[in-house]
Amino acid sequence: MESAPPIDLRLMRHAMGQFATGVTVITTVDDAGTPAGCTVSAFSSLSLDPPLVLVCIGNGRLMHGLLTSTPAFAVNVLSARQADLALRFARPPKDRFAGSANHPGRLGIPLLDGAIAHIQCTRYDVLPGGDHAIVIGEVQDIRINEGEPLLYAKGAFLDVNAEAWDHAVADAPHEWLLSAPW
């Protein structure tokens with residue numbers, strides 16, 4: 001069997017940009033209790049029993065060492081009104097928490113005010129994933145707040161108005177993944 005030509009990484013990045021994702025800020029604290037966080041779109045639910053989520057973090061990112069070694073972290077699912085916060089936590093970490101309202105969660109991890117969901121986790125496992133680490137968290141606590149999610153695709157935040165969300169949610173075949181026959 002002939003080997004396939006190498007994948008054009010620019011083309012792969014462009015193809016992945018076609019997939020709309022939600023935007024999260026992952027937060028934790030270091031050994032001294034100093035808060036740390038970064039913007040992550042590579043986040044997903046993994047399992048309901050046990051309740052697991054996964055976060056992918058680039059090996060070269062400053063948060064990599066913390067997220068792969070700290071015992072706990074929080075996933076802050078950003079609201080559509082928090083694009084500025086997503087950008088702040090995506091940039092070099094001068095002081096990402098300056099001017100951002102937050103409060104400590106049950107695990108002592110900062111939770112960002114205004115996020116539409118806070119998912120507090122203990123580290124369950126870390127797996128290699130090429131130039132990323134796949135950090136699996138066991139969900140310990142969940143808080144849900146009102147609002148629409150911040151979405152990202154093609155290098156831009158998507159602006160979906162509340163009326164469009166209401167219409168989409170009202171007509172959605174809820175739980176279609178759970179009831180699919182595959």
Among (1) part of a strand (DSSP E or B); (2) surrounded by 13 or more Cβ atoms within 10 Å (Cβ to Cβ) - the single one L127 does not satisfy:
(2)
Filter segment 108-124 for residues that are crowded, with 17+ Cβ neighbours inside 10 Å and among the small types (G, A, S) and give the result.
A115, A117
Residues that are within 22 Å of T21 (Cβ to Cβ), in a loop (DSSP other than H, G, I, E, B) and either modelled with pLDDT of 95 or more or among the hydroxyl-bearing types (S, T, Y) (or both): does segment 95-107 have at least one?
yes
Inside segment 32-74, can you point out the residues that are in a strand (DSSP E or B) and under 20 Å from G99 (Cβ atoms)?
P35, A36, G37, C38, T39, A74
It is to be established whether one or more residues within segment 97-107 are surrounded by 19 or more Cβ atoms within 10 Å (Cβ to Cβ), under 14 Å from A36 (Cβ atoms) and in contact with a strand residue (DSSP E or B) (Cβ under 8 Å, 6 or more places away or on another chain).
yes
Could you please give the count of residues in segment 79-131 that are β-branched (V, I, T) and either within 19 Å of A156 (Cα to Cα) or in contact (Cβ under 8 Å) with a residue 60 or more places away in the chain (or both)?
2
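Here's the yes/no breakdown for (1) crowded, with 16+ Cβ neighbours inside 10 Å; (2) β-branched (V, I, T):
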{"site": "T28", "(1), (2)": "yes, yes"}
{"site": "A32", "(1), (2)": "no, no"}
{"site": "F43", "(1), (2)": "yes, no"}
{"site": "D49", "(1), (2)": "no, no"}
{"site": "I57", "(1), (2)": "yes, yes"}
Tell me which residues, restricted to segment 7-31, are in a strand (DSSP E or B) and among the hydrophobic types (A, V, I, L, M, F, W, C).
V25, I26, V29
Looking at segment 14-21, can you tell me whether even one residue there is in contact with a Gly (Cβ under 7 Å, 6 or more places away or on another chain) and either hydrophobic (A, V, I, L, M, F, W, C) or more than 24 Å from G130 (Cβ to Cβ) (or both)?
no
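The values are calculated or read from the model by the stated rules, or taken from the named source; none is laboratory data. Values in this document were obtained by computation on a predicted structure and should not be read as measured data. All Cβ positions, glycine included, derive from the backbone under ideal geometry; neighbour counts span all protein chains shown.
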